[in-house]
Amino acid sequence: MITAAQMRAARALLGIDQKSLATLAGLSVPTIQRMEASDGNVRGVVESLIKVVKALEAAGIELIGENAQSLDGGRGVRLKTSSRTPPH
């Protein structure tokens with residue numbers, strides 16, 4: 001599974017916009033927009049989700065699941081808690 005926040009963060013790390021991700025994944029921009037507008041886990045056609053994950057991984061992104069370890073040692077971003085409200 002991939003969350004909408006992970007998709008947006010992955011794009012930010014790569015420095016690409018939604019159009020670029022759509023091109024990399026072979027999907028339409030509205031499809032990427034709908035995925036990123038999801039609340040929590042991305043909802044959509046399984047084949048489209050797989051295309052996005054494969055495109056991000058091919059571009060160098062490692063998607064880390066909740067409570068999973070990242071063993072490759074690359075740079076990245078991870079939420080400490082499941083809270084979506086940033087501190088003020």
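The values are calculated or read from the model by the stated rules, or taken from the named source; none is laboratory data. Bear in mind the structure is a predicted one, so any value in this text is a computation, not a measurement. Please note: Cβ atoms are built from the backbone with ideal geometry, for glycine as well, and neighbour counts cover all protein chains shown. Protein only, heavy atoms only, side chains kept; ligands, DNA and RNA dropped before computing areas. Shrake-Rupley method; radii C 1.70, N 1.55, O 1.52, S 1.80 Å.
Show the residue pairs meeting these rules: Cβ distance below 7 Å; 6+ apart or different chains; first residue within region 37-62 and farther than 18 Å from residue 23 by Cα; second residue of a type in the set (Ser, Thr, Tyr) and assigned to a strand (DSSP E or B).
40/3; 41/3; 42/3
Restricting attention to region 55-69, which residues are assigned to a loop (DSSP other than H, G, I, E, B), of a type in the set (Gly, Ala, Ser) and exposed (fewer than 12 other Cβ atoms within 10 Å of the Cβ)? Steps first, please.
Going through region 55-69, the residues assigned to a loop (DSSP other than H, G, I, E, B) turn out to be 59-69.
Those still in the list that are of a type in the set (Gly, Ala, Ser) too: 59-60, 65, 68.
If the condition is that a residue be assigned to a loop (DSSP other than H, G, I, E, B), of a type in the set (Gly, Ala, Ser) and exposed (fewer than 12 other Cβ atoms within 10 Å of the Cβ), then 60, 65, 68 are the ones that fit.
For region 1-15, how many residues meet the condition of being of a type outside the set (A, V, I, L, M), under 21 Å from residue 68 (Cα atoms) and outside any helix (DSSP H, G or I)?
Total satisfying the criteria: 1.
Please tell me if residue 31 is more than 13 Å from the chain's Cα centre (by Cα) and in contact (Cβ under 8 Å) with a residue 12 or more places away in the chain. So that I can check it myself, show each step before the final result.
On the way: more than 13 Å from the chain's Cα centre (by Cα): yes; in contact (Cβ under 8 Å) with a residue 12 or more places away in the chain: yes.
Yes, satisfied.
Conditions first: (1) out of contact with any strand residue (DSSP E or B) (no Cβ under 6 Å at 6 or more places or on another chain); (2) touching a residue at least 40 places away in the same chain (Cβ under 8 Å). Residue 1 passes all but one, so which condition is the exception?
Here residue 1 clears every test but (1).
Give region 16-54 a look and list any residue that's open to solvent by 70 Å² or more (accessible area, probe 1.4 Å), at pLDDT below 95 and not in a helix (DSSP H, G or I), or say none.
Those that are open to solvent by 70 Å² or more (accessible area, probe 1.4 Å), at pLDDT below 95 and not in a helix (DSSP H, G or I): 37, 39, 41, 43, 45.
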